[in-house]
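What follows is one structure encoded as structure tokens, with my remarks underneath.
The values are calculated or read from the model by the stated rules, or taken from the named source; none is laboratory data. Bear in mind that the values here come from a model prediction, so they are computed numbers and not experimental data. Methodologically, a virtual Cβ is constructed for each residue, glycine included, from the backbone with ideal geometry; neighbour enumeration extends over all protein chains shown. When the accessible area is computed, the model is the full protein with side chains, heavy atoms only, and any ligands, DNA or RNA have been set aside. Shrake-Rupley method; radii C 1.70, N 1.55, O 1.52, S 1.80 Å.
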Amino acid sequence: MRTLLDAGAEVFATKGYFAARVDDIVNVARTSHGTFYLYFSNKEELFRALAAEVSDQMQTLAESLGPLEPGRTGEESLRAWIAAFVDLYRRCGPVIRAWTEAEIGSHEFGRLGNDVLARFTRVLTTRIAQVAPPGLDPAIAAVALAAMLERLNYYALAGQVHADRDEIVDTLAHVTHRALFGAGN
């Protein structure tokens, strides 16, 4: 099953969700259609399994964000959490990109991506609310942060932004920390 899931992720990454076919997945997995259908009814079911894995990992990551704090130690802690996000995005990028592709219509996977975003931003909202400067709406700031995290990683994986992992992590941590605590922290 793991081999099929990994092959599905690879095919979704190269062909996109809508163009991917079961035949492509079994070829990459070097297995038979019979083996595929032993575990999954169709590519949608395989994608659902991948999406559930990514959703759980995203939720676990969101919940791992500790309190946001000013100062160098706070920025280093935020940087470590953002690095974990970047690493997760790089591992799960094909599934996340397929959500993005599916969001164009009202496809169920687009809705799933929206649900993951909502759960992820709820945790961010709570953390930001604990330190938000006056006039900063924590819910809006959480969505902005999630969008910044996701889009920059999407553009990097798509080759539209040429920056290495550390440049991305450092920039996101620096911008986020300064936005919450000001330039002096």
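What to note about this one:
- Estimated distance in nm for a label pair at Arg122 and Ala144, the labels positioned 7 Å out from Cα along Cα-to-Cβ: 2.3 nm
- Summed over qualifying helices (DSSP H, 4 residues or more, each -39500 (n - 2.57)) and divided by its residue number, the chain shows a 222 nm mean residue ellipticity of -26000 deg cm²/dmol.
- Taking the longest Cα principal axis of the chain as reference, the axis of helix 108-129 is set at about 20 degrees.
- Contour excess over end-to-end distance, with Cα ends at Asn42 and Asp170 and 0.36 nm allotted per residue: 42.0 nm
- Going through (i) 68; (ii) 22; (iii) 34, the figure that equals percent of Cα pairs over 27 Å apart as computed for the structure here is (iii).
- Between helix 2-15 and the chain there is an angle of about 80 degrees, using the helix long axis and the longest principal axis of the Cα atoms.
- Simple point charges give the picture: +1 on the Cβ of Lys and Arg, -1 on the Cβ of Asp and Glu, and for the stretch 38-83 a dipole about the Cα centre of about 100 debye.
- Residue separation of His162 and Asp87 scaled by 0.36 nm, minus their Cα-Cα distance, works out to 25.4 nm of gained length.
- Gain on full extension, evaluated as 0.36 nm per residue between Met1 and Glu53 minus their Cα-Cα distance, stands at 17.4 nm.
- Accessible-area ranking of Met1, Met58, largest first, probe 1.4 Å: Met1, Met58
- Heavy atoms of Asp87: accessible area, 1.4 Å probe, square angstrom to 10: 50 Å²
- With all protein chains kept in place, the per residue accessible area of the chain amounts to 50 square angstrom at a probe of 1.4 angstrom.
- In the complete set of protein chains, residue-level accessible area for Thr60 is approximately 90 Å², probe 1.4 angstrom.
- Unit charges on C-beta of K, R, D, E only; dipole of the chain, Debye: 60 debye
- Carbon plus sulfur fraction of accessible area for the chain, probe 1.4 Å, in percent: 54 percent
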